[in-house]
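In what follows, a structure is listed as structure tokens, so that the remarks can point back to it.
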């Protein structure tokens with residue numbers, strides 16, 4: 001049997017890799033975001049002397065410690081599966097990114113050591129709180145560095161550097177490495193924040209003691225500030241990322257924005273609409289419980305909610321009659337809908353969401369400065385937080401699928417490394433941006 005020709009019955013090896021990678025990312029992104037949110041919360045507790053920040057930070061740190069084993073197991077399983085199912089491709093990848101993989105391994109090890117130490121010495125460093133807070137931020141730093149190394153590899157697969165494969169600096173800082181890393185950095189905070197808000201809402205609905213209801217009501221609020229606060233940054237960050245893909249991998253860009261994969265963008269807009277409207281509605285609702293009544297701010301927030309709905313509808317309008325494979329509306333696939341075009345309407349919709357998002361977050365933060373009456377939130381507002389938590393997971397899966405499927409172009413052939421290595425692990429030198437890539441394999445295969 002030729003090397004790298006191992007097949008998985010029924011589902012195929014591509015599905016196996018996709019499931020393992022996506023599962024690992026869901027764990028890893030939460031861990032990175034949660035560690036930094038917990039570290040920030042512990043610092044807030046030290047500065048403000050409010051015990052709820054300390055309680056939240058410690059509970060979140062405990063959960064991260066418990067979660068680490070599952071995330072690490074998925075990562076190891078993924079690497080073993082990649083080596084087994086795509087050995088030729090992996091030999092090229094590890095030769096090109098040997099130093100990157102080595103640094104990532106040490107960053108991952110450092111994160112494990114510091115996270116466990118951070119949690120285990122919580123009581124011992126109770127009187128040296130500043131030092132303990134530093135432990136949390138160092139753990140977050142190691143996580144971010146590990147993510148940065150992996151982003152270099154992932155971005156190279158979509159936009160290989162227009163330089164020799166032996167050029168370590170150019171392969172690392174390929175055309176989309178920085179925007180992808182920014183996108184994931186912002187996304188980790190947003191993803192973790194929405195999940196924290198959803199968990200707080202779930203516990204709020206199940207709590208019977210007033211003290212617990214107050215705490216979990218506050219947790220939902222705190223998580224959503226992180227979740228929605230960083231979500232409103234994504235349109236401008238995502239635009240920069242898409243712009244670099246369009247310039248460096250036009251075939252991949254056409255697939256996800258104009259070709260057969262463009263329907264996924266409509267799905268992504270649905271998730272963004274749910275996140276935006278649920279968050280804005282929650283903020284409007286919460287303003288009723290401000291300790292210092294602010295009817296003027298609430299009216300402005302209601303107006304912002306209306307504009308949020310307007311811009312989300314603009315983003316949801318398809319460009320033609322085909323809204324998904326096999327699903328058409330109006331007259332069919334040839335139908336052209338002017339308001340559904342990317343330029344200028346989708347840009348207006350995304351920019352509008354970002355501007356209105358900043359506005360409503362600013363209003364909410366202004367109101368939260370005087371604090372709220374906790375424990376009085378309605379059930380529907382908590383269901384909105386739970387819906388946001390579920391939706392942000394679907395958003396992560398959709399975005400992961402979009403980026404990874406972009407290299408398939410027209411499937412004739414699809415690529416593991418865009419224009420350089422096919423899905424069948426064949427090396428393509430014509431039109432490959434990476435010079436001398438064939439010389440960087442593992443020898444004769």
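With axes computed from alpha carbons, what is the tilt in degrees of helix 129-158 against the longest principal axis of the chain, rounded to the nearest 10 within 0 to 90?
Value to nearest ten degrees: 30.
With a 10 Å cut-off between alpha carbons and a GNM built on the chain, which of 121, 274, 133 moves the most?
121
Output the 0 to 90 degree angle, nearest 10, between the alpha-carbon long axis of helix 87-96 and the longest principal axis computed from the alpha carbons of the chain.
The helix 87-96 is inclined about 70 degrees to the chain.
Can you sort 37, 427 so the residue with the fewest Cβ neighbours within 10 Å comes first?
The order, fewest Cβ neighbours first, is 427, 37.
In Å and from the alpha-carbon atoms only, list the Rg and Dmax of the chain.
Answer for the chain, Rg first and Dmax second: 23.3, 74 Å.
How big is the antiparallel share of DSSP beta bridges in the chain, given as a percent to the nearest 5?
Given both bridge residues lie in the chain, the antiparallel proportion sits at roughly 90 percent.
How do 23, 70, 130 line up, fewest other C-beta atoms within 10 Å first?
So the ranking, lowest neighbour count to highest, is 130, 70, 23.
I want to verify a result. In a Gaussian network model of the chain, Cα cutoff 10 Å, which of these has the top mean-square fluctuation: 198, 306, 187?
Ranking 198, 306, 187 by mean-square fluctuation puts 306 first.
Regarding region 40-117, what is the average projected area of its C-alpha convex hull, in nm²?
Seen from a random direction, the Cα hull of region 40-117 projects 6.4 nm² on average.
Across all directions of projection, what mean area in square nanometres is found for the Cα convex hull of region 10-174?
Computed as one quarter of the Cα hull surface, the answer is 11.0 nm².
Sum -39500 (n - 2.57) across every DSSP H segment of at least 4 residues in the chain, then divide by the residue count to get the 222 nm mean residue ellipticity, nearest 500.
Rounded to the nearest 500, the figure is -24000 deg cm²/dmol.
Helix 347-368 versus the longest principal axis of the chain: what is the Cα-based angle in degrees, 0 to 90, to the nearest 10?
30 degrees
Could you work out which residue, out of 146, 29, 290, moves most in a Gaussian network model of the chain, that is, has the largest mean-square fluctuation with Cα springs under 10 Å?
290
Throughout, read-outs are computed from the coordinates displayed, never taken from laboratory work. This is a predicted model, so every value here is computed, not measured. For neighbour counting, all protein chains shown are included, and Cβ atoms are generated from backbone atoms with ideal geometry for every residue, glycine included.
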